[in-house]
Amino acid sequence: MERIFRVTLKREEYLEYLTYNLLHSGKMRGSRWFLLTSVPAVLITGMLLLQYKNMMFITCMLALSVLWVLYGAGGVWKNYIRRKAERYYWPKLNIQEFQEISYRFGPDRVEFKEEGGEVRIPYSDFEALVPLKGEFVLYHKKGVILLPYRLFENEADMKEFLKGYERRRGAALA
């Protein structure tokens, strides 16, 4: 089954993709570890320096440290990365507007036009399909394709597309 998608990305959709890439890149690993360990380190160091002997207080500080590592740091990290993407990386990209792109998912390849001409990508060149909050990210050897969920009529349509994509990709790899 052939599918054609006409996509004009929105700023939020591209920022979601940019945030995902930053979250999973190794560039900021040191900052992430600092954020993850800083609150427990301050709590435990403060407790040791002040020489608290109350077991209830010690237990509370250790519980706060564990809660920070399990729940607090992740949310703060995601917000930090999102703000960094919006305030630092987005202005550097200097995107004025998004062009409409028409993707044709054919029986053996995906086709679309770029400034340099028409691009044909066989399904065997696709490396990963990542579902984000509002879009699918299809990584291939030449780049990436972003398909927002708003392109699909409903969840059944989305599942049908995914099954067809996986079937074609599996056949191409076989």
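Projecting the Cα positions of P131, G170, F152 onto the charge dipole of the chain (unit charges on Cβ atoms of Lys, Arg, Asp and Glu, taken about the Cα centre) puts P131 furthest along the positive direction. Of the GluC sites (Glu not before Pro) found in the range 62-155, those in coil by DSSP whose Cβ has at most 12 other Cβ atoms within 10 Å are E97, E100, E115, E153.
Note on the chain: with a GNM built from Cα contacts shorter than 10 Å, the maximum mean-square fluctuation among N54, N79, N94 falls on N54.
Each Lys and Arg Cβ is given +1 and each Asp and Glu Cβ -1; about its Cα centre, the range 14-93 then shows a dipole of about 260 debye. Taken about its Cα centre, the chain carries a charge dipole of about 680 debye when Lys and Arg each add +1 at the Cβ and Asp and Glu each add -1 at the Cβ. Looking at the chain as a GNM with Cα springs under 10 Å, which of G117, G30, G106 has the largest mean-square fluctuation? Of the options given, G117 has the highest mean-square fluctuation. Checking every one of the GluC sites (Glu not before Pro) in the range 1-72 against DSSP loop status and a limit of 11 other Cβ atoms within 10 Å picks out E2.
The angle separating the long axis of helix 11-23 from the principal Cα axis of greatest extent in the chain is about 60 degrees. Neighbours of K27 by Cβ distance under 15 Å: Lys/Arg scored +1, Asp/Glu scored -1, total +4.
When the chain is treated as a Gaussian network with alpha carbon springs shorter than 10 Å, the biggest mean-square fluctuation among I101, I81, I58 belongs to I58.
Among the chymotrypsin sites (Phe, Trp or Tyr not before Pro) within the range 1-87, those in coil by DSSP and having at most 14 neighbouring Cβ atoms inside 10 Å are Y52. The label point for K10 and the one for V119, both projected 7 Å from the Cα toward the Cβ, are 2.3 nm apart. Among the listed pairs K84/K133; K78/K113; K10/K84; K27/K159; K10/K78, those whose Cα-Cα separation exceeds 23 Å are K78/K113; K27/K159.
Our analysis of the range 14-93 gives Rg over Rh at 1.15, with the two radii drawn from alpha carbon positions and Rh computed by the Kirkwood formula. Set the Cα radius of gyration of the range 46-174 against 2.2 N^0.38 Å, with N its number of residues, and you get 1.67.
We did not get these values from a lab; they are worked out from the coordinates using the rules stated. Since the model is a prediction, treat every value here as computed from it, not as a measurement. Note that each Cβ is placed from the backbone with ideal geometry, even for glycine, and that neighbours are counted across all protein chains shown.
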